[in-house]
1. Name the pairs whose Cβ atoms lie under 8 Å apart, with the first residue in the range 123-134 and under 16 Å from Phe17 (Cβ atoms), the second open to solvent by 50 Å² or more (accessible area, probe 1.4 Å) and at pLDDT 70 or above, and 6 or more positions between them or separate chains?
2. Checking Asn23 against (1) closer than 20 Å to Arg109 by Cα; (2) open to solvent by 20 Å² or more (accessible area, probe 1.4 Å), which test does it fail?
3. Looking at the range 73-91, which of the residues that are open to solvent by 50 Å² or more (accessible area, probe 1.4 Å) and under 19 Å from Ala127 (Cβ atoms) is modelled with the highest pLDDT?
4. Please identify the pairs in which a residue from the range 65-76 that is without any contact (Cβ under 8 Å) to a residue 60 or more places away in the chain has its Cβ atom under 8 Å from the Cβ atom of a residue that is open to solvent by 80 Å² or more (accessible area, probe 1.4 Å) and of a type in the set (D, E, K, R), counting only partners at least 6 apart or on another chain.
5. Taking the range 43-72 on its own, how many of its residues are surrounded by 14 or more Cβ atoms within 10 Å (Cβ to Cβ) and of a type in the set (Lys, Arg)?
6. Being of a type outside the set (A, V, I, L, M), within 15 Å of Ala62 (Cβ to Cβ) and either open to solvent by less than 20 Å² (accessible area, probe 1.4 Å) or at pLDDT below 85 (or both) is the filter here, so list the residues in the range 92-116 that pass it.
Amino acid sequence: MEELLADEAAHDFAMTFLEQVQNLTSHRLKTFLGPDEVTGLLGPRSAVWWRVLDEFWAAVAAWCADNQPPLESSEEILSVQNEQLRAMLWTTNRTLPTGAKLGLAAAVRYEKATGAGFPGFSHIAVALRSTGQG
């Protein structure tokens, strides 16, 4: 991960992977390590980007609280039985400490509305790539 984050050509891939790990840990499922356990395993570059992602998603959550209807509970995605669907949902959504679900669509709306994001990575680009448009 440290090498990928240093490689400009692989940066998007590394950030997406790091974010997916962060999303998984946010659900606090016994199957996976928790956020604190993962942060203890990160190298210095990964730890910096982990914090950047955390701060970004905290800003998205705050923006959503002020500008959208209440967020839905993550309970529905956590109970999905289909393994492939579950993997997709668990890695593209995060569970907030309140139990609410926050996902890629919220990040895209936030980036479009505020212009805020972080250097070298865009959730709008991630969303476009996931639909085959980027």
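1. Ala125/Asp12; Val126/Asp12
2. (2)
3. Ranking the candidates gives Leu85 first.
4. If the second residue must be open to solvent by 80 Å² or more (accessible area, probe 1.4 Å) and of a type in the set (D, E, K, R), the pairs left are Gln68/Arg109.
5. Summing the residues that are surrounded by 14 or more Cβ atoms within 10 Å (Cβ to Cβ) and of a type in the set (Lys, Arg) in the range 43-72 gives 1.
6. Within the range 92-116, Arg94, Glu111 meet the criteria.
The values are calculated or read from the model by the stated rules, or taken from the named source; none is laboratory data. Note that the structure is a prediction, hence the values are computed from the model and not measured. Backbone-built Cβ (ideal geometry, glycine too); neighbour counts: all protein chains shown. Ligands, DNA and RNA are excluded from the accessible area calculation, which covers all protein heavy atoms including side chains. Shrake-Rupley method; radii C 1.70, N 1.55, O 1.52, S 1.80 Å.
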